[in-house]
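K.L.:
I'd like to ask you about the structure that follows.
The values are calculated or read from the model by the stated rules, or taken from the named source; none is laboratory data. Computed from a predicted model, the values in this text were never measured in an experiment. Ideal geometry is used to build each Cβ from the backbone, glycine not excepted, and the neighbour counts take in all protein chains shown.
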Amino acid sequence: MSEEKKVSTQWLGRNLSIRTGKLARQADACVTVQYGETVVMATVVESKEEKNVDFFPLSVALEEKLYAAGIIKGSRWIKREGRPTDDAVLTGRMIDRSIRPLFNEDSRRETQVMITVLSVDKENHHDIVSLIAASAALSISGVDWKGPIGGIRVGKKDDKLIFNPTYQEMEENNLNLIVAGTKEKTIMIEAGANELKEEEVYQAITQGQTEMQPAVKLIEELKNKTETKTKPAKEKTLSEEEEKEKERLKEIAQIAEKWLEENINPILFNKEYYSKGERKAAVEAIKNQLNQHLIEQNLEENDRKYALKKTVEPMVEAEVSKQILQKEKRVDGRTLDDIRKLSSEVGILPRNHGAGLFSRGETQIMSIVTLGSPGLEQYTETLEGMGTKRFMHHYNFPPYSVGEAKPIFGPGRREIGHGALAEKALFPVIPDKEEFPYIVRVVSETLSSNGSSSMGSTCAASLALMDAGVPIKKAVGGIAMGLASNQDMSEWKVLTDIQDLEDGKGGMDFKITGTEDGITAVQLDTKTNGLTEEIIKETLKKGKKARLRILENMNKAIKEPRAELSPYAPLLLKIKIKPEKIRDVIGAGGKMINKIIEEKDVSIDIEEDGTVIVSGSEKQNCEEAINWIKKITYEFEVGEIFTGKVVRITDFGIFVSLFLDHEGLVHVSEMAPFRVNHPKDIVKEGDEVKVKIKNIDEQGKIALTMKDLEENKKFWQKEKNNSGPKFNNKPPFNSRKQ
């Protein structure tokens, strides 16, 4: 049994500890990381056999167990955790993007990193702890990985950066940034911001890089204390024949490489290839001509296929980077700072609540807005507890968008990630609930993809929101920045608006969104061993310039939100009632509210503070429902006058309906300006009388009077004819005391 190892340190005022050697001993590595009282377990397993694939098979899965927060699933029928939540998927992707660049890309051994959240204290974010756990497990696993890395969350409040802020400290925060990296370089960035300047974001990234170093050092300490498990040799011993075959294939590859060195450039850069199809055709021409050359070298078909697969695409990528680094020349003829042709349109669909179409080169996104009543908000169940969402952005990527015919499944990790990025980018400009009570859903359909459809969906969604009349504060645009670099990163160039062939080894996908006034979101993936501060600074600077050009194009289509909503959008009317009146609107067993909903064909949402929102497709029905609710919750005042029907007659007076279920009592002494023997002498049930509120007691009972109201003379005249002098309320002469 292996000995348990533990290391710990104080990190930003809290204890960070890492343990290994006690749990999951059959895994290649297992660690538990505790920060505060949040605990995460991470395991790593690398298969002993290589898979017959042409990529490195890495999988990263994060499991959020509800027991970690002391929660039992809210469903009445299903208590076991189901498919991962969007938050779990996004955290898993974040960790994947952080660790992937440091693996040996030539490995074909399936490597699985599993992270399980065991305990959350609802103070320390488990995503940062999970990232550190994955790094620690990989560092002691024996897997060929160039770590360790660290990670940190950075917030900003009152112009002050906060490192690893608690949940409470993140409230009303202007920044939510996660940065991951090694001792020297940044590998991954994920950020949402409230229109921060480029300089502010840069400062947060670089200072975060510094503040994460205690975590990196702690992992190194663990690594030095831990004996890495012995792993089988990565290359099996080859027989003499296998060695000869390996050498033969190496020579074939060298023949192909020599030809490619001489011919890639003349073919790939002999003209400007403006479209993806043209560039594909150029690469296909390289393959065809190389194949012909190999035929002339008397090579068999299988050998030719091997040579083509082994050499063409890596050398094409290398040549593209070389031309950028040495001559600042791109395959489509653009300069390094150029953006492809832009197009922005709105109002493209007849009955939808709002729609936008955005194109950048061959990337084309159509976004559609749907507005709904407050009752349609999304309920979420996470380790942080129950929550709601009133703004949602969903992203779809059908196979036809890249000219392929493939099986259609539900949204995958990539679709969830792209949708969340655009949602994060747009969130700072979405109006608050008090200003715009609608639930807003935007769906972005990728119609054609060639370079950052996620940034295209941000632009298209912004256009669609304005087209729908959603009062967003400003337009939001996005751009994907790239990188060309050599192996040791001694030479590099930042590229604006990357596409297909430019997203290769030594590159990056640095996405930046924002308004004219600042950044709203950042996401970085890289295929390097990390970025220097200089690269990050230049990327943010050039990204701002590109974003402003895109926003200029979008503003030509629509400058501000439409003044009115679509006639097909539901109408929302809002009133405020006293909270104690809510029960009157609902009625016993929901009888009253259901009656209004059914008769007026509307939806009604009532909040605890007394806000009532009525929504429906017909304006008249909504207004009538609002009036109905106003009557139910009406606050009567002394002196008010009403016309009502006599609903009951008693010996001591009559009950008059004011409206709906509200009644008041007219005492017999208040029915006329003279003495009335019995209420039936004046009125009968069903008569309409004019009444004035005389008093309202503490229980809310209403006392009415019919006196001094001219409309009631017709009732008094009848009694006058029967009783003569009584009308003047004076006794007859002979009744006086003699």
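K.L.:
Any residue in segment 299-312 that is over 11 Å from Trp259 (Cα atoms) sitting within a Cβ distance under 8 Å of a residue that is charged (D, E, K, R)? List the pairs, counting only those 6 or more apart or interchain.
P.N.:
Matching pairs, first to second residue: Leu308/Lys287; Lys309/Asp54.
K.L.:
Give me a count of the residues in segment 69-95 that are in contact with a helix residue (DSSP H, G or I) (Cβ under 8 Å, 6 or more places away or on another chain) and crowded, with 19+ Cβ neighbours inside 10 Å.
P.N.:
Result for segment 69-95: 7.
K.L.:
Can I ask one more? Identify, please: which residue in segment 500-528 is over 25 Å from Asn176 (Cβ atoms) and out of contact with any strand residue (DSSP E or B) (no Cβ under 8 Å at 6 or more places or on another chain) and is, among those, surrounded by the fewest Cβ atoms within 10 Å (Cβ to Cβ)?
P.N.:
Lys505
K.L.:
Looking only at residues that are in contact with a Ser or Thr (Cβ under 9 Å, 6 or more places away or on another chain) and of a type in the set (Val, Ile, Thr) in segment 328-351, which one is nearest to Glu317 (Cα to Cα)?
P.N.:
Here the answer is Thr335.
K.L.:
Would you call Ile613 buried (at least 16 other Cβ atoms within 10 Å of the Cβ), in contact (Cβ under 8 Å) with a residue 12 or more places away in the chain and out of contact with any Asp or Glu (no Cβ under 7 Å at 6 or more places or on another chain)?
P.N.:
So Ile613 fails the test.
K.L.:
Further question on the same structure: Please verify whether segment 157-175 includes one or more residues that are of a type in the set (Phe, Trp, Tyr), more than 20 Å from Ser98 (Cβ to Cβ), surrounded by fewer than 22 Cβ atoms within 10 Å (Cβ to Cβ) and under 29 Å from the mean Cα position of the chain (by Cα).
P.N.:
Within segment 157-175, one or more residues are of a type in the set (Phe, Trp, Tyr), more than 20 Å from Ser98 (Cβ to Cβ), surrounded by fewer than 22 Cβ atoms within 10 Å (Cβ to Cβ) and under 29 Å from the mean Cα position of the chain (by Cα).
K.L.:
Ok, one more. Which condition number does Lys544 fail, the rest of (1) crowded, with 16+ Cβ neighbours inside 10 Å; (2) assigned to a helix (DSSP H, G or I); (3) out of contact with any Asp or Glu (no Cβ under 9 Å at 6 or more places or on another chain) being met?
P.N.:
Looking at each condition in turn, Lys544 falls short on (3).
K.L.:
When you look at Val612, is it under 23 Å from Lys576 (Cβ atoms), β-branched (Val, Ile, Thr) and part of a strand (DSSP E or B), yes or no?
P.N.:
In short, yes.
K.L.:
Any residue at all in segment 96-104 that's in contact (Cβ under 8 Å) with a residue 60 or more places away in the chain and surrounded by fewer than 18 Cβ atoms within 10 Å (Cβ to Cβ)?
P.N.:
no
K.L.:
For segment 44-97, how many residues are in a helix (DSSP H, G or I), under 16 Å from Thr380 (Cβ atoms) and among the charged types (D, E, K, R)?
P.N.:
Total meeting the criteria: 2.
K.L.:
Can you pull out the strands (runs of 3 or more DSSP E) entirely within segment 327-382 that have at least 3 residues that are farther than 24 Å from Glu423 by Cβ and either more than 26 Å from the chain's Cα centre (by Cα) or of a type in the set (Ser, Thr, Tyr) (or both)?
P.N.:
Where strands (runs of 3 or more DSSP E) fall fully within segment 327-382, none carries at least 3 residues being farther than 24 Å from Glu423 by Cβ and either more than 26 Å from the chain's Cα centre (by Cα) or of a type in the set (Ser, Thr, Tyr) (or both).
K.L.:
Which one of these does Ala475 not meet: (1) surrounded by 24 or more Cβ atoms within 10 Å (Cβ to Cβ); (2) under 25 Å from Gly92 (Cβ atoms); (3) in contact with a helix residue (DSSP H, G or I) (Cβ under 6 Å, 6 or more places away or on another chain)?
P.N.:
Result: Ala475 fails condition (2) only.
K.L.:
Touching a Gly at 6+ places or on another chain (Cβ under 7 Å) and at pLDDT 95 or above: which single residue out of Ile115, Ile152 fits that description?
P.N.:
Ile152
K.L.:
Then there is this: Please determine, by comparing only the residues of segment 689-712 that are of a type in the set (Lys, Arg) and either within 15 Å of Gly653 (Cβ to Cβ) or at pLDDT below 90 (or both), which one is surrounded by the fewest Cβ atoms within 10 Å (Cβ to Cβ).
P.N.:
For segment 689-712, the residue satisfying everything is Lys701.
K.L.:
Determine, yes or no, whether Met386 is in the same structural domain as Gly456 (by TED's automatic domain parsing), over 26 Å from Gln499 (Cβ atoms) and modelled with pLDDT of 95 or more.
P.N.:
no
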